[in-house]
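So the structure is just underneath, and the comments pick up after that.
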Amino acid sequence: MEEGKRKLVLLSDSYAVCRLDADAPVPEWGTRGTFSSVTRTSGELSLVCPDAQVPAGVERVCGWKILMVEGPLDFSLTGVLDSLIGPLAREGISVFSLSTYDTDYLLTKQEHVKEAIQVLEAEGYNVETGYRECAE
């Protein structure tokens, strides 16, 4: 990435990564809000959505925070995720990554987000932490 455009934005909500059966319909609760992700494979339906939206009984891991790479990113760029994930991996911080047409997202557990931000800032990223997706 170009040095002048190395910016990440911390989204304000706490998110859940959910697993449903591969043939399950996409639930309405999983697509509400300003950020959600739906991925279907032959083995599962995975959803990422705000923690508060997930009903009881759904298999999930809660407490994820999302760092969004400010985009849009050109498809010809290489090494974007590596430049983010590599330093975090060296510090033992695990991530769950997602990509969209315009940009990339890193999810890290709430208890590791401050450390993740410190590591990324040391790598030259500017991390904006005051972003608000919706009124609280």
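The values are calculated or read from the model by the stated rules, or taken from the named source; none is laboratory data. Just so you know, these numbers come straight off a predicted model, no measurement behind them. Every residue, glycine as well, gets a Cβ built from its backbone with ideal geometry; the counts of neighbours run over all protein chains shown.
Among the listed residues THR41, THR78, which satisfies the condition of being among the polar types (S, T, N, Q), more than 14 Å from TYR105 (Cβ to Cβ) and modelled with pLDDT under 95? Residue meeting the stated conditions: THR78. Determine whether GLY92 is surrounded by fewer than 17 Cβ atoms within 10 Å (Cβ to Cβ) and either within 14 Å of the chain's Cα centre (by Cα) or closer than 19 Å to VAL17 by Cβ (or both). Criteria not met by GLY92. Taken over region 23-34, the criterion of being modelled with pLDDT of 95 or more, exposed (fewer than 12 other Cβ atoms within 10 Å of the Cβ) and part of a loop (DSSP other than H, G, I, E, B) is satisfied by ASP23, PRO25.
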